[in-house]
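Presented below is the structure to which this report refers.
The values are calculated or read from the model by the stated rules, or taken from the named source; none is laboratory data. The model shown is predicted, which means the values in this text are computed figures rather than measured ones. For neighbour counting, all protein chains shown are included, and Cβ atoms are generated from backbone atoms with ideal geometry for every residue, glycine included. For the accessible areas, the whole protein counts, side chains as well, though only heavy atoms, and no ligand, DNA or RNA atoms are used. Shrake-Rupley method; radii C 1.70, N 1.55, O 1.52, S 1.80 Å.
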Amino acid sequence: MNNFDKIHSVKNKFTKSNPNLLKAMFGTTDVIPLWIADMDFEVAKPIQKALQELVSRNIYSYEFDTDSVFKVISDWNFKRHQLKLNPKSFIQVLGVLTGIGVLIRELTEKGDNIMVQTPVYHQFFKIIESAGRKVVCNKLKVVNGHYKMDFEAVKNQIKTLNIKVILLCNPHNPVGRVWTKKELQELVDIANEHNVTIISDEIHSEIVYSKSKFNSITSLINSENHITVIGSPAKTFGLQSISNGYLYIPNKEMHEKVKSTVESLYINHGTILTTNATIAAYSEGEEWLKDLLVYLENTVNWIVNFLEKELPEVTMCKPEGTYQIWLDFSKLNLSETALKYLIMKQAKLGLAPGDWFKASGPQFMRMNIATPLAKIQQSFYQLKEAIDSGLDSAFNEAENSNNFKPF
């Protein structure tokens, strides 16, 4: 059995608890750090074994084996999602964001417009703008407590703003939607009609709960000219600091073009630690993943029940996937700065503020729940106590307006 309830107190230099970052972002180090999307769980035993065997060799000569990696990813996707992926259509890169950065530069020119569907993973903005491209925000809409794509707005923005690429997040971070086949097909059809390329970031594809089904862009009709960032084992298996990214490009001409660039930059391989961890994860990690999904879904259900019974001032759209939840604090009627002060200084929670994700309103925050349930429960007890007590009389809007900077 996997012990996801175990709370670890080992010394580390994890980004999530880096005191300099916490102080810069939240104005204090005294927070439960739930702002970054990684796990507090021990990785699966087969992964531990594969890594320990490598370390114990004490010899680290050049060693590459991408063919085995591509095959095991293909086999995994066929078994899990009935996707028939050609191992020769993969390209390995150093990470998912590295891959997206390369694709943006290959598919567009400086000054071109790239669409994202907001609120969305905040690094998307940085990776687009740092390449000299422009972000176009296509806002998701909420219908009956459920986030939806606004297809009319997508079509209008493509026509009027000359969109070159749509950077899709599926499953969507932070709102937790797992897009249906129908929704994705409509997006693909629109993109094809206007000669727009979709880059689909599917790094959370395995973190999908029991009532939803993941659909890859590669499974759709007429999707061969679009690109899937199949992702990496990072989010699924807790390998954030030792994982690569994998691009799936079925279009041969585009594949050769991207492959040539990646190889010229020497970013087409990782370490043997990365390789063997990935192979172990995808060949022997399924049972661990099944247990993880049960644990995470139980955590989601606990949060839903707690909010309904104990904290109705805070709401959320129940996530279909990812281990992020998107909390709505608008019922508190606080200013953006006051809300951040209440959450971070009074409740002592290090959450990711909604403005990082270009939310339509400032009253949202993202929480990472891939941590022992006891820690999540303690976080919500602290949140309830802070909200019940009300905003501290010591709060000063002007003094706190420059705190809470994004990472």
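Of all residues being in a loop (DSSP other than H, G, I, E, B) and hydrophobic (A, V, I, L, M, F, W, C) in region 33-47, which is nearest to the chain's Cα centre (by Cα)? Just the residue, please.
It comes out as A37.
Whether any residue in region 96-105 is assigned to a helix (DSSP H, G or I), over 27 Å from R366 (Cα atoms), without any contact (Cβ under 8 Å) to a residue 24 or more places away in the chain and open to solvent by 30 Å² or more (accessible area, probe 1.4 Å) is what I want to check.
Taking every residue of region 96-105 in turn, none turns out to be assigned to a helix (DSSP H, G or I), over 27 Å from R366 (Cα atoms), without any contact (Cβ under 8 Å) to a residue 24 or more places away in the chain and open to solvent by 30 Å² or more (accessible area, probe 1.4 Å).
How many residues does region 144-189 hold that are out of contact with any strand residue (DSSP E or B) (no Cβ under 9 Å at 6 or more places or on another chain), farther than 13 Å from E320 by Cβ and β-branched (V, I, T)?
Adding up the residues that qualify gives 1.
Hey, can you tell me all the residues within region 202-234 that are of a type in the set (G, A, S), outside any loop (DSSP other than H, G, I, E, B) and open to solvent by 20 Å² or more (accessible area, probe 1.4 Å)?
Answer for region 202-234, where residues must be of a type in the set (G, A, S), outside any loop (DSSP other than H, G, I, E, B) and open to solvent by 20 Å² or more (accessible area, probe 1.4 Å): just S219.
When region 297-324 is examined, which residues are found to be over 24 Å from the mean Cα position of the chain (by Cα), open to solvent by 10 Å² or more (accessible area, probe 1.4 Å) and not charged (D, E, K, R)?
Across region 297-324, the qualifying residues are N305, F306, P312.
Take the residues in region 283-295 that are surrounded by 20 or more Cβ atoms within 10 Å (Cβ to Cβ) and either in contact with a Ser or Thr (Cβ under 9 Å, 6 or more places away or on another chain) or basic (K, R) (or both); name whichever of them is nearest to S56 (Cα to Cα).
Top of the filtered list is G285.
Output yes when any residue across region 304-314 is in a helix (DSSP H, G or I) and within 18 Å of V175 (Cα to Cα), and no when none is.
There is at least one residue in region 304-314 that is in a helix (DSSP H, G or I) and within 18 Å of V175 (Cα to Cα).
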